[in-house]
Amino acid sequence: MVIAIDGPAGAGKSSVARAVAEELGFTFLDSGAMYRSVGLAAMRGGRPPAEIAPRVRIELSGGRVELNGEDVTESIRAPRVSEAASRAAADPPVRQAMVAMQRRLLSEGDWVAEGRDIGTVVAPDAALKVFLTASAPERARRRAAESGAAVEMVLTEQAIRDQRDRTRAHSPLEPAPEAVVLDTTNMTLDEVVRRVAELAREAIKGL
Ligand code: DC
């Protein structure tokens, strides 16, 4: 079974998806980590992400991310990698390779998967689709608090990435028609986790 949690950067997807997965005893899938890994590999190799994506080996387990056998959990969070990941994610052959990998993973077991296109493309049959949002300044504030960067700088870079993620021709960021849209601007993390877990339990009961 798949619970899909999509939305823009800083809406709280990762923290929420991780906590909900733990509560339900499901496995957490961070699909953004896969695009970040491709972005990092492309940066390092000086080759286009589309060439790299079909060949990389990405392993996600126990909260760690491995790229071709190397632990890149921390290095994929660097701002330059965020930028490279956003570019890589706009490239159709990259998306094709990542979606295929994600579908293979999700085909067995119980998952809480977070990303941008889980409910729309990767797992259109997900038992529950949640689209998390928050105002742009609030999302920038949260991300700045996490990274220690200046809010203004995060806000500027976020606007560029948001624009690219929303307007790309392939799988632009948008809620699935049947997604529950949750604006978390004025909610605490605990409140969001409780709400999503409640929705998930209802979905599981209804199956
Ligand atoms: O969630 P994140 O910041 O780790 O994602 C990194 C980039 O990958 C971001 O630009 C959005 C993109 N992405 C995507 O296009 N589709 C996904 N399912 C997950 C992430």
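The values are calculated or read from the model by the stated rules, or taken from the named source; none is laboratory data. This structure is a prediction, so every number in the text was calculated from the model and none was measured. Quick reminder, even Gly has a Cβ in these numbers, built from the backbone with ideal geometry, and neighbours come from all protein chains shown.
Just one residue in the set Ser86, Ser75 is under 18 Å from the mean Cα position of the chain (by Cα) and either over 18 Å from Ser14 (Cα atoms) or modelled with pLDDT under 95 (or both); that residue is Ser86. Applying the set (1) closer than 22 Å to Ala176 by Cβ; (2) in contact with a helix residue (DSSP H, G or I) (Cβ under 7 Å, 6 or more places away or on another chain); (3) away from the ligand (no atom under 13 Å from the Cβ) to Pro8 leaves exactly one unmet item: (3). Does Val81 fit the bill of being within 14 Å of the ligand (Cβ to nearest atom) and not hydroxyl-bearing (Ser, Thr, Tyr)? In short, yes.
Of the numbered conditions (1) within 21 Å of Gln163 (Cα to Cα); (2) part of a helix (DSSP H, G or I); (3) not hydrophobic (A, V, I, L, M, F, W, C), Pro8 fails exactly one; give the number of that condition. If we test Pro8 against (1) within 21 Å of Gln163 (Cα to Cα); (2) part of a helix (DSSP H, G or I); (3) not hydrophobic (A, V, I, L, M, F, W, C), just (2) comes out false.
Residues in the stretch 89-116 that are within 12 Å of the ligand (Cβ to nearest atom), farther than 20 Å from Ala179 by Cβ and either touching a Leu at 6+ places or on another chain (Cβ under 9 Å) or β-branched (Val, Ile, Thr) (or both): Val94 alone. The lone criterion from (1) loosely packed, with under 13 Cβ neighbours inside 10 Å; (2) closer than 26 Å to Gly63 by Cα left unmet by Gly206 is number (2).
The condition (being of a type in the set (Gly, Ala, Ser) and either free of Cβ contacts under 8 Å to residues at least 12 places away in the same chain or farther than 21 Å from Pro172 by Cβ (or both)) is satisfied by just one residue among Ser15, Ser31, Ser86: Ser15. Looking across Arg55, Arg36, one residue alone is free of Cβ contacts under 8 Å to residues at least 60 places away in the same chain and more than 15 Å from the ligand (Cβ to nearest atom). It is Arg55. Is at least one residue of the stretch 60-78 away from the ligand (no atom under 11 Å from the Cβ), at negative phi and assigned to a helix (DSSP H, G or I)? Yes; the residues of the stretch 60-78 include at least one that is away from the ligand (no atom under 11 Å from the Cβ), at negative phi and assigned to a helix (DSSP H, G or I).
Once the stretch 12-33 is narrowed to residues that are within 13 Å of the ligand (Cβ to nearest atom) and buried (at least 24 other Cβ atoms within 10 Å of the Cβ), the residue that is farthest from Glu191 (Cα to Cα) is Ser31.
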